[in-house]
Every structure is written in structure tokens, then in C-alpha cells.
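Before any comments, here is the structure.
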Amino acid sequence: GGVMYDKIVVGTDGSVTASKAVEHAASLAAATGAQLHVAMVTPSIPMVVAPDMLIASAEWNDATKQATHTALEAAAITAAATGAEVSTHQLSGDPADALLALCEDIDADLLVVGSRGMQGARRFLLGSVSSRCAHHADRSVLIVHTD
């Protein structure tokens, strides 16, 4: 017996604190034989504050997509080292909504998020993302203490 998970989703933003959540989720996946789905949201284009910023926004978008891809790959390598079967998902839009939608899409058994991280340039706190996920998810949510 005991609880078995088939699919675990973990959200990251590439930060050191978020990697703790990834490692926790990976060891849980390895222990239960679950598939681990590492997900990261590409930050949306920043607010245009001056007309000349419009020119840079397409390049900025490409750069953030590439940075997200790189961070996801790094997280996947870390997770795979635990022996977990890992796949990655590059998402867009609101982070909490995107993570919950992914859980819905793949019918995840568990969503793992960190209690801290995702701040600074990303304009939001994972604290708010994790609490929103916990409130709105129709499945179990594990909030890893990442302070």
C-alpha cells in the first residue's frame, strides 16, 4: 500500500530556491515510480513604457524563451539524477493558472511548488503562486519549504 503517484508536476523559475522544490519532487517521483513533469512559465513581455521599447520586445521575448528553455533543461538534468523519469513543459501566461492547466491536461496526481522564489524581474512571488495553486487546485498540492 501507501500512496502511489503516477504523475507529479513541479513548477520552477530556474532560481536556486525553486531547485529545492524540483529536487524534492524528483526524489518523490523516483521513490514512487511517478513520471515527473518539470514546468516553467516564460515571463510575459514587460509593460511597454516608451514607444522605442516596442522594437526590443520581440528580441526580449526570444531571449526569455531561450533562458526558460535553458533553465528547464538544467532542472531536468538535476531531476533525472535522482532516477526519476522526467519531461519538461515550457508554459506561458499566468504562472498559477498555467501550472493548474498543465495538471488538468496531463491529469497529474500531485503539484509541487516552492514556498519562496520567483521574484525580482519576474514581478510576482511564488508565495502568491503557491497559495493560489493550493486554493484552486482540484488535486493534492505539496508546498516545499524553500527558505
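Among 29-36, 136-143, sorting by the average number of other beta carbon atoms lying within 10 angstrom of each residue, highest first, gives 29-36, 136-143. Backbone amide hydrogens, once placed in the peptide plane, bring residue 146 within less than 5 Å of 115, 116, excluding anything fewer than 5 places away on its chain. Placing dummy labels 7 Å off each Cα toward the beta-carbon, the span from residue 63 to residue 139 is 3.5 nm.
Bear in mind that the values in this text are calculations on the coordinates, not laboratory data. Predicted model, so just to flag it, every value in this text is computed and none were measured. No Cβ is skipped: glycine too gets one built from the backbone with ideal geometry, and neighbour counts run over all protein chains shown.
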